[in-house]
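Visitor: Sending over a structure as structure tokens; questions will come in a sec.
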Amino acid sequence: MQKIPESYKQILSEETKKEYYKEIISFLESEKKEWKIIYPEEKNIFNALELTTFEDIRVVILWQDPYHWKNQAHWLAFSVPENQIKLPPSLKNIFKELNKTPLLNKEGLGVVSWNLEKWSKQWVLLLNTILTVEESKPASHSKIGWEKFTDNIIKTISEKKENIVFLLWWNYAISKEKLINNSKHKIIQTSHPSPLWAWRWFLWSKCFSETNDYLNKKWIKEVKW
């Protein structure tokens with residue numbers, strides 16, 4: 001499996017020694033032996049941490065687990081890989097809230113990229129709190145221990161850093177609020193960006209502009225969403 005990225009090694013070194021983490025590795029190995037398709041690939045499981053170093057985090061967006069369909073599954077929360085035509089409805093609503101228009105290729109045949117790596121490279125940590133999933137089975141790895149691991153990441157960000165914006169979309173992400181010290185960080189809550197819930201809160205939340213307003217007040221470079 002992919003190694004823990006360098007900037008997180010120290011803060012996660014104790015976690016990787018714990019029995020639950022060893023059980024995660026054992027579970028994934030057994031699933032592989034049974035020829036089950038797991039997303040993302042082993043080499044990409046920690047890519048969210050690879051792309052956004054611990055030292056430089058400005059914003060954290062939390063989500064549950066990766067997309068579970070072929071060609072949509074990615075290692076960044078809500079993101080899809082390059083050159084996707086069929087897009088998850090939640091991702092469409094995220095861009096709708098940003099007042100973005102679909103990016104067309106030069107022939108006008110559809111979306112070129114809705115890959116959110118451009119956010120990661122601006123120090124937005126797009127963290128799935130469950131880092132793997134079996135194909136076609138959402139939340140299938142919700143009981144194998146990943147949340148203990150990512151809860152530790154969230155708590156450590158809260159403890160060791162200041163002035164981080166945490167974007168918590170929907171009740172699942174909001175449940176992680178207890179891990180965050182709101183006296184030193186900014187917490188922005190909305191409903192889920194899915195079509196079922198986005199109209200209730202998300203699409204009028206102005207969560208992206210509110211994030212940049214906070215960063216500007218703290219003299220931190222804003223995100224070019």
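Visitor: Using only Cα atoms, what Kirkwood radius does the range 119-167 have, in angstroms?
Guide: On the way: mean 1/r = 0.0806 Å⁻¹.
Taking every pair of different Cα atoms in the range 119-167, averaging 1/r and inverting gives 12.4 Å.
Visitor: On to the next question. With θ set to phi - 60°, apply the Karplus curve 6.51 cos²θ - 1.76 cosθ + 1.60 along the range 211-225 and write out the HN-Hα couplings as whole Hz, x wherever there is a Gly or Pro.
Guide: Going residue by residue, I get 4, 5, 4, 5, 4, 5, 5, 8, 6, 10, 4, 6, 8, 8, 4 Hz, with x marking Gly and Pro.
Visitor: Still on this structure: Show me the ranking of peptides 52-62, 154-164 by mean Cβ neighbours inside 10 Å, starting with the highest.
Guide: Details: 52-62: 20.6, 154-164: 16.5.
So the peptides 52-62, 154-164, ranked by packing, come out 52-62, 154-164.
Visitor: Oh, and also: Can you pull the one-decimal nm distance between simple spin-label points at Glu55 and Arg200, each 7 Å off the Cα toward Cβ?
Guide: 4.2
Visitor: A follow-up question, please. What spacing in nm lies between the two simple spin-label points modelled at Glu23 and Lys121, each 7 Å away from Cα in the Cβ direction?
Guide: For Glu23 paired with Lys121, the spin-label model returns 4.0 nm.
Visitor: ³J(HN,Hα) across the range 180-190 via Karplus (A = 6.51, B = -1.76, C = 1.60, θ = phi - 60°), whole Hz, x for Gly/Pro?
Guide: 10, 7, 6, 7, 10, 9, 9, 10, 10, 10, 9
Visitor: Just the number please: accessible area per residue for the range 163-220, 1.4 Å probe, all protein chains included, in Å². Working shown, then result.
Guide: On the way: 3120 Å² over 58 residues.
Spelled out: the 1.4 Å probe surface of the range 163-220, per residue, equals 54 Å².
Visitor: A further question follows. Do any of Lys155/Lys176; Lys155/Lys184; Lys178/Lys224; Lys3/Lys160 go past 20 Å between their Cα atoms, and which? List each step's numbers first, then the result.
Guide: On the way: Lys155/Lys176 9 Å; Lys155/Lys184 13 Å; Lys178/Lys224 29 Å; Lys3/Lys160 22 Å.
Lys178/Lys224; Lys3/Lys160, as the Cα separations exceed 20 Å there.
Visitor: Quick one: which residues, 5 or more positions from Trp63 or on another chain, have an amide H under 5 Å from its amide H? H modelled 1.01 Å from N in the peptide plane, none for Pro or chain starts.
Guide: Here the answer is Leu127, Asn128, Thr129, since their amide H atoms fall under 5 Å of that of Trp63.
Visitor: Can you find, among Ile61, Gln10, Ala77, the residue farthest towards the positive end of the dipole of the range 1-83? Put +1 on the C-beta of Lys and Arg, -1 on that of Asp and Glu.
Guide: Ala77
Visitor: Could you compute how fast the range 17-162 diffuses translationally, taking Rh as the Kirkwood radius over C-alpha pairs and applying Stokes-Einstein at 4 °C with viscosity 1.567 mPa s? Give it in µm² per second. Working shown, then result.
Guide: On the way: Rh = 16.3 Å.
My calculation gives 80 µm²/s for D.
Visitor: Another question about this same structure. Between Leu126, Ser140, Ile187, whose Cα lies farthest towards the positive end of the dipole of the chain when Lys and Arg beta carbons carry +1 and Asp and Glu beta carbons carry -1, centred on the Cα centre?
Guide: Highest projection toward the positive end goes to Ile187.
Visitor: Hey, another quick one. Stretch Lys178-Ser7 to full length: gain in nm at 0.36 nm per residue minus the Cα-Cα span? Intermediate results must be reported in sequence, preceding the final value.
Guide: Numbers: separation 171, 0.36 × 171 = 61.56 nm, distance 2.45 nm.
Using 0.36 nm per residue and subtracting the Cα-Cα distance, I get 59.1 nm.
Visitor: For Val133, what residues show an amide H to amide H distance below 5 Å, using hydrogens built from the backbone and excluding near sequence neighbours?
Guide: Tyr39
Visitor: Follow-up question, since we're still on this one. Taking the simple approach of a point 7 Å from Cα along Cα-to-Cβ for both Lys224 and Glu134, what is their distance in nm?
Guide: Rounded to a tenth, the inter-label distance reads 4.4 nm.
The values are calculated or read from the model by the stated rules, or taken from the named source; none is laboratory data. Values in this document were obtained by computation on a predicted structure and should not be read as measured data. Every residue, glycine as well, gets a Cβ built from its backbone with ideal geometry; the counts of neighbours run over all protein chains shown. When the accessible area is computed, the model is the full protein with side chains, heavy atoms only, and any ligands, DNA or RNA have been set aside. Shrake-Rupley method; radii C 1.70, N 1.55, O 1.52, S 1.80 Å.
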